[in-house]
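Here the structure is laid out as structure tokens; the discussion comes afterwards.
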Amino acid sequence: MKPVLRSFLPLSTATLHILLALAGEERHGYGIMQEVARQSGGQYKLGPGTLYDNLQKLTDQGVVTETGRRAAGDDPRRRYYRLTGLGRTILATEVTRLEGLVREARRHLPMARPERAI
Amino acid sequence: MTRAIYGALLWLHPPHFRERFAAEMLWLFDETVAAEGAGSLLADGLLSLMRQWLLRRMTWKLAAAVAGGVLEVGIVLALSRNIYSPGAVGVSGLSVRGNARAADSGGLTAGRAAAQHRAARPELHASPADSAATPARMAPVGEKPLAFFVLFVIVLVYAFQGHRFGLRVAAASGAGSAAGRYPTGTETREARRVPAKSKPHLSILAD
């Protein structure tokens, strides 16, 4: 793993969810919040403060970028964000890391069955 | 009402963050307040406010540097009997300088973030008059270690003056001075060795 990538990992829960939400398509802030809620089955909800704090950090780091897209009839306050190439690489590396972690966890907990609470 | 409070919370955010995201956050508030409830959104706004000022702006480093500097100078003054010794003054100066450097590193971090933002969103910094009027980087206080040093020297001088005033009061009242607890500098070594309980009138009677 490149040292540049290592400095980003492991991602925080909020960052991971935001990058996952932007992996499919570019979204505005409200779209990201909705997608995060959908991904987690409503278990994890991002507040606007947490969302924009993370977006600020990620755009400063060049992981996410703002697009100039404006759909007709869009609220002028809406801004759209998308992943950069670096963002995709970071997300892919983190997913690979998490896969290894899950494999390891399964090896140590072969008989355990997850609760179906969620 | 809650919208106005949320707007006020956004207004209290650092200008850099406010210019970038406040309008969009207010729009998100309008969209989600019915589903999420105003309480959780206001709490989120308050947390965001604290996070932006304390963590992202590195203000905590500035506060820690000031508190640390004052504490260290106080400890040096409290522990050293002779506050005019080069060692005591040197330690005070070094501790102050160290704290100023710590604050400076925080300022540089914030300055770097601001420079990145300037590059990413040039339209927010587009006015030539504005860019000419403001320095190239943010963190106006953190990047001036000399100003910090001067500030702490002033604090140090005031502390010296207070300490000297305390000594003068003690010497004038006689309390502790004769017992050698507060050497005033005007007393000789011999005078300090005079026990507090010695009573000259008894020696006159003995003669």
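The values are calculated or read from the model by the stated rules, or taken from the named source; none is laboratory data. None of these values were measured; they are calculated from a predicted model. Every residue, glycine among them, receives a Cβ derived from its backbone with ideal geometry; neighbour counts consider all protein chains shown.
Some observations on this one:
- Single match in A:85, A:41 (criterion: over 26 Å from residue B:49 (Cα atoms), more than 8 Å from every other protein chain (Cβ to nearest Cβ), free of Cβ contacts under 8 Å to residues at least 24 places away in the same chain and loosely packed, with under 15 Cβ neighbours inside 10 Å): A:85
- Candidate set from region B:42-52 (those that are out of contact with any His (no Cβ under 8 Å at 6 or more places or on another chain) and facing chain A (nearest Cβ under 7 Å)); member that is farthest from residue B:7 (Cα to Cα): B:51
- Top-ranked residue in region A:43-93 [being more than 19 Å from residue A:24 (Cα to Cα) and of a type in the set (Gly, Ala, Ser); ranked as modelled with the lowest pLDDT]: A:72
- Complete set of residues in region A:88-106 that are touching a residue at least 12 places away in the same chain (Cβ under 8 Å) and hydroxyl-bearing (Ser, Thr, Tyr): A:89, A:93
- Test set (1) of a type in the set (D, E, K, R); (2) exposed (fewer than 15 other Cβ atoms within 10 Å of the Cβ); (3) over 13 Å from the mean Cα position of the chain (by Cα) - residue A:78 fails condition number: (2)
- Region B:50-59, subset more than 15 Å from residue A:55 (Cβ to Cβ) and without any contact (Cβ under 8 Å) to a residue 24 or more places away in the chain, residue farthest from the chain's Cα centre (by Cα): B:50
- Some residue of region A:1-18 being touching a Gly at 6+ places or on another chain (Cβ under 9 Å) and either assigned to a loop (DSSP other than H, G, I, E, B) or over 29 Å from residue B:12 (Cβ atoms) (or both): no
- Any hit, region B:7-25, residues being in a helix (DSSP H, G or I), modelled with pLDDT of 80 or more, under 30 Å from residue B:150 (Cα atoms) and not hydrophobic (A, V, I, L, M, F, W, C): yes
- Among the residues of region A:19-34, those that are more than 14 Å from chain B (Cβ to nearest Cβ) and either free of Cβ contacts under 8 Å to residues at least 60 places away in the same chain or within 23 Å of residue B:45 (Cβ to Cβ) (or both) comprise A:21, A:24, A:25, A:26.
- Filtered residues of region B:21-49 (kept if crowded, with 16+ Cβ neighbours inside 10 Å, closer than 13 Å to residue A:52 by Cα and touching a Ser or Thr at 6+ places or on another chain (Cβ under 9 Å)): B:25, B:29, B:44, B:48
- When residues in region A:44-75 are screened for being assigned to a loop (DSSP other than H, G, I, E, B), buried (at least 20 other Cβ atoms within 10 Å of the Cβ) and at the interface with chain B (Cβ under 10 Å from one of its Cβ atoms), 2 of them pass.
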